[in-house]
Amino acid sequence: EARVRALEQQRPQQQPAVQSRVAAGRPSAPDEPSAPLGARHLEVRNMPREMDAWQVRVLLEYFGAIVSLEVVPDPTPQSGALVARVSFADHAAGAAASERLHGMELKARRLEVRAVEPSPDSECAL
């Protein structure tokens, strides 16, 4: 229970520092996420293949409610990674996930996050 409470206390809120940096017109650094603030539909690439769909879901649900999630092997030959396509229920969750996950190292892999167009069934599939 203590661990769950600790995670809840760390749960990301809206990212005012990021919003103010964008509002100030400062250019994005190359290591910043390519997903715009408020993007609900994200693709998370370079996820470790050892992760199963449940682990990916737990990681992403930390940021907010998920409308749909698809976890597939990366189509790039020799990649050995997974790709997660996720649609969050709200824009703040997508923004927080993009900000916190892009560039994060997970099991010796650096995650890449970008905004994508929603798939036609993303609003109804889980």
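Reported value for segment 45-101: 72 Å³ per residue, from the convex hull of its C-alpha atoms. Protection proxy ranking for 98-105, 47-54, 66-73, 83-90, using the average of other Cβ atoms within 10 Å per residue and placing the highest first: 83-90, 98-105, 66-73, 47-54.
Just so you know, all these numbers are worked out from the coordinates, no wet-lab data involved. Since the model is a prediction, treat every value here as computed from it, not as a measurement. So basically every Cβ, Gly included, is an ideal-geometry build from the backbone, and we count neighbours across all protein chains shown.
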